[in-house]
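We did not get these values from a lab; they are worked out from the coordinates using the rules stated. Worth saying up front: this structure is predicted, and the values here are computed from it rather than measured. Glycine also receives a Cβ, built like all others from the backbone with ideal geometry; neighbour counts cover every protein chain displayed.
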Amino acid sequence: MTRIAMLGVAVLVCSTASAQEIKIPPNLEKLAELATEVVDVNMDASMLQLASRFLSDKDPDEAKIRKLVAGLKSIMVRSYEFNRRGEYDDKDLEDLRAQLKGPGWSRIVMVRSRRDGDNVDVFLKSDGTQVTGIAVIDAEPRELTIVNVIGAINPDDLRDLSGHFGIPSLDSVGGGSKFKDKDKDKDKDKDKDKNKIKDKDKDKDKDDNGEDGK
């Protein structure tokens with residue numbers, strides 16, 4: 001476990017949700033009783049500032065995170081992992097999504113996969129001149145993750161924060177299907193290249209045999 005991750009866990013003990021923009025409905029909080037793994041993060045501005053003191057200005061990555069945290073008011077993460085499908089329903093997310101239809105919020109990304117059953121929504125909150133918050137709902141058949149960050153932030157900043165303070169890696173959002181498809185395409189290209197090489201070798205063998213026959 002990294003120093004930043006350990007710090008995040010320690011801070012959870014004394015953190016509050018006073019600056020939390022969206023509220024997790026009671027029916028979603030109860031999912032913790034059914035989940036095999038639960039991540040529950042609530043960090044307000046004071047806790048984030050405390051955490052940033054342990055980040056080094058000499059380390060480029062930590063320095064970047066420290067700068068991002070300085071403009072944040074809160075970080076909230078809920079992640080539930082289940083042993084089987086069907087522990088929650090898409091209707092359970094209606095109250096949460098209703099909050100994200102409020103003033104200032106707008107959805108910028110929506111992904112729906114019939115093949116894998118993965119649904120991803122990304123919302124931005126703005127005051128008309130700048131982004132003041134971001135929310136992500138990643139609903140998979142056996143896992144549900146909700147991230148809400150309030151403060152001066154944009155999607156690229158969230159990418160930098162992923163993996164810290166309980167925020168999951170963005171590569172895992174949506175089951176990473178896009179990355180899997182890219183890998184499949186690469187494998188197909190490799191197979192094509194191999195077949196081309198084999199065909200060239202066969203042609204060379206034919207030419208060599210033809211010359212020997214002469």
Packing-ranked peptide list from 124-134, 138-148, highest mean Cβ count within 10 angstrom first, is 138-148, 124-134
If each part is reduced to its alpha-carbon centroid, the range 66-104 and the range 127-168 end up apart, in Å, by 9
For the range 31-90 (alpha-carbon point model, no solvent) the Debye-based log₁₀ I(q)/I(0) at q = 0.14, 0.17, 0.21, 0.25 Å⁻¹ works out to -0.57, -0.68, -0.78, -0.93
Set 30/73; 30/67; 23/73; 23/91, cut-off 24 Å on Cα-Cα distance; pairs above it are 30/73; 30/67
Once both label points are put 7 Å beyond Cα along the C-beta direction, the residue 142-residue 116 separation in nm becomes 1.4
Summing +1 per Lys or Arg and -1 per Asp or Glu among the other residues with Cβ less than 10 Å from residue 166's Cβ gives 0
